[in-house]
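Step one of this worksheet: look at the structure below.
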Amino acid sequence: MKILVTGGAGFIGSHLCTLLLEKGNEVFCLDNFYTGQKRNIDEMLKNPKFHLIEHDVIEPYDIEVDQIYNLACPASPIHYQKNPVKTVTTSVLGAIHALELSKKLGKIPVLQASTSEVYGDPNVHPQPESYTGNVNPIGPRACYDEGKRAAETIFFDYYRQEKIPIKVIRIFNTYGPNMSMNDGRVISNFIVQ
């Protein structure tokens, strides 16, 4: 199977690329290296089934694949607050371009990597799927939170209107190898200390 991973040189994306290669797939890693690291994919570059495409998801792209995993977006407050306009456009336009490619290729499956930040500063712990959140659409973190919320909206609208097969996953507090140790999140700060 041919699989596209946007943000494939990032922390989670690089692990996903490795897993997909181990399962015998041909993997297309699309990344602009805004926060992704080439060292995360160095070993994979030797694999003939791995293809690196340096490209920004805010611009359309055309790659013949069977599945799309949309993981492109800075996730650390240090990175996403550095250029908030880029962060929100990466989420929104990245979602649209992944879904449009799916439609063009015959409605192939697309997975959207979202975040617990769509809940904002939650009043409910833990958050059930039915919880709609406590959000601040104009605060300094809104570029990430609202960008991911908008991406989820776009995904579900394409599902309802265009019948694109989608999956949306909300990732919470992930850490491990290939993670930037100075990204400003609580877990990485704790590990470094």
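I'd like to check something: does segment 54-67 contain any residue that is more than 20 Å from residue 167 (Cα to Cα), outside any loop (DSSP other than H, G, I, E, B) and either out of contact with any helix residue (DSSP H, G or I) (no Cβ under 8 Å at 6 or more places or on another chain) or modelled with pLDDT of 95 or more (or both)?
Yes - at least one qualifying residue is present in segment 54-67.
Out of 68, 53, report the one residue that is surrounded by fewer than 18 Cβ atoms within 10 Å (Cβ to Cβ) and of a type in the set (Val, Ile, Thr).
53
From the list 175, 144, 80, pick out the single residue that is crowded, with 19+ Cβ neighbours inside 10 Å, modelled with pLDDT under 90 and either within 28 Å of residue 59 (Cα to Cα) or in contact with a helix residue (DSSP H, G or I) (Cβ under 6 Å, 6 or more places away or on another chain) (or both).
Every option except 80 fails the conditions.
Please go through (1) assigned to a strand (DSSP E or B); (2) among the hydrophobic types (A, V, I, L, M, F, W, C); (3) modelled with pLDDT under 95 for residue 75 and return the number of the only condition it doesn't satisfy.
Of (1) assigned to a strand (DSSP E or B); (2) among the hydrophobic types (A, V, I, L, M, F, W, C); (3) modelled with pLDDT under 95, only one is false for residue 75: (1).
Which numbered condition in (1) under 14 Å from residue 111 (Cβ atoms); (2) open to solvent by less than 50 Å² (accessible area, probe 1.4 Å); (3) under 16 Å from the mean Cα position of the chain (by Cα) is the only one that residue 12 fails?
Exception for residue 12: condition (2).
Between a residue in segment 8-31 that is touching a residue at least 60 places away in the same chain (Cβ under 8 Å) and any residue that is of a type in the set (Val, Ile, Thr) and in a loop (DSSP other than H, G, I, E, B), which pairs come within a Cβ distance under 7 Å, given they are 6 or more apart or on different chains?
Sorted first by the residue in segment 8-31, then by its partner, the pairs are 8/41; 10/35; 12/174; 14/41.
Which pairs have Cβ atoms under 8 Å, sit 6 or more apart or on different chains, and link a residue in segment 116-136 that is more than 18 Å from residue 169 (Cα to Cα) to one that is of a type in the set (D, E, K, R) and open to solvent by less than 30 Å² (accessible area, probe 1.4 Å)?
Listed pairs, sorted by first residue: 135/145; 136/145.
Can you name the residue in segment 103-131 that is touching a helix residue (DSSP H, G or I) at 6+ places or on another chain (Cβ under 8 Å) and polar (S, T, N, Q) and, of all such residues, is farthest from residue 67 (Cα to Cα)?
It comes out as 127.
The values are calculated or read from the model by the stated rules, or taken from the named source; none is laboratory data. From a predicted model like this one, the values you see are computed outputs, not experimental measurements. Note that each Cβ is placed from the backbone with ideal geometry, even for glycine, and that neighbours are counted across all protein chains shown. Note: areas computed on protein heavy atoms with side chains; ligands, DNA, RNA excluded. Shrake-Rupley method; radii C 1.70, N 1.55, O 1.52, S 1.80 Å.
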